[in-house]
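Below is one structure, written out as structure tokens; the observations come after it.
No value in this document is a laboratory result; all are computed from the given coordinates. Remember, it's a predicted structure, so these values are computed and weren't measured experimentally. Counting neighbours? That spans all protein chains shown, and the Cβs are built from the backbone with ideal geometry, glycine included.
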Amino acid sequence: MRRKLAAGNWKMNGTAADLAELNVLATLMPADAPEVIICPPAPLLYRASTAAQATPISIGAQDCHMQASGAFTGDISAAMIADTGAAYVIVGHSERREAHAERDRDIRKKAKAAWASNLTAIICIGETLEDHEANNTLDIIAGQLAGSLPSAVTAENTIIAYEPVWAIGTGKVPTLDQIAEVHDFIRSKLAIRYGADIADMIPLLYGGSVKPENAALIFEAENVDGALVGGASLKATDFAPIISALAQS
Ligand code: PGA
């Protein structure tokens, strides 16, 4: 059985007072909840990790630098993230690909840096609206998988999040058939590269406007193992029903 996971990406939202949401979320989560990860902004990682110790929630970062240390003002390394108690790091989110011009090969290096510090990498891929409208989605996904994933991917060190750029923060969601098609495609590409045994166990998350209202439908797709949630992860009262829908899927 593949792991099910619900990951919340707080993006550049939240200060220490918002960490109270972790306890509320732990109270609202069903007893049979899947793995839950919250990725707060970097300054909150240590406090979040400490606060989450009394809960089943794990903590992740939103990005890491590809180098272990050095003259990179403002950046944080994977070792620094691990030192806060966090266990996961998102790499290659489309907002980083766009606003920070991150390329596939940068993301591949970041994933390796994450592993070197024993962090699980949540590697994001997804096509733009232009690619989607030109029917190029599967080509783009194939290219991003080939370029962003290192060769040593395992089901323990990597989670893949498929997030169509046009669905992030827009309230627009692909149809269930579209989501299923891309997730099936990703799984088949992983099987070719890493073998069916590894590919079958790698969690594939869908991300982009996942809400309490649409989560159950999205989780119907066979190769969707969970969600990467932005806006609806900020409030425990929004995130908890998504987690419950995943538990029931
Ligand atoms: P959203 O963001 O749920 O607010 O659309 C998803 C993401 O960027 O991971």
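Apply the a/c threshold of 1.5 to the C-alpha gyration tensor of the chain and tell me whether it is rounded, prolate or oblate.
rounded
Placing unit charges on C-beta atoms (Lys and Arg positive, Asp and Glu negative, everything else neutral), compute the dipole magnitude of the stretch 118-249 about its Cα centre in debye, rounded to 20.
In total the dipole reaches around 340 debye.
In debye, nearest 20: dipole of the chain around its Cα centre with unit charges on the Cβ of K, R (+) and D, E (-)?
640 debye
What does a probe at GLN178 reach in the stretch 129-158, counting residues whose amide N is under 18 Å from the point 7 Å along Cα→Cβ?
129-142
Where in the chain are the helices, taken as whole DSSP H runs, whose Cα atoms extend 15 angstrom or more along the long axis and whose Kyte-Doolittle mean reaches at least -0.5?
Result, helices passing both filters: 137-148, 176-194, 236-248.
Take the chain, connect every pair of alpha-carbon atoms lying under 10 Å apart with a spring to form a Gaussian network, then pick out the residue of THR128, THR170, THR120 with the largest mean-square fluctuation.
So, out of THR128, THR170, THR120, the one fluctuating most is THR170.
Determine the shape class of the stretch 120-249: with a ≥ b ≥ c the square roots of the Cα gyration tensor eigenvalues, call it rounded for a/c under 1.5, and otherwise prolate if a/b is greater than b/c, oblate otherwise.
Oblate, since a/c reaches 1.5 and b/c is not below a/b.
Could you point to the residue in LEU19, ASN9, THR50 farthest towards the positive end of the stretch 1-87's charge dipole, with +1 and -1 charges on the Cβ of Lys/Arg and Asp/Glu respectively?
Checking the options against the dipole of the stretch 1-87, the answer is ASN9.
Give me the percent relative contact order of the stretch 139-249, please, defined on Cα pairs under 8 angstrom at least 6 residues apart.
28 percent
Based on the Cβ-Cβ distance of ASP139 and ASN118, what FRET efficiency does E = 1/(1 + (r/R0)^6) give at R0 = 35 Å, to the nearest 0.05?
0.55
Dipole of the chain (Lys/Arg Cβ +1, Asp/Glu Cβ -1, origin at the Cα centre): which of MET29, GLY171, GLY70 lies farthest to the positive side?
The residue sitting farthest along the positive end of the dipole is GLY70.
Rounded to the nearest 500, what is the 222 nm mean residue ellipticity of the chain from helices alone, with -39500 (n - 2.57) per DSSP H run of 4+ residues and division by all residues?
-11500 deg cm²/dmol
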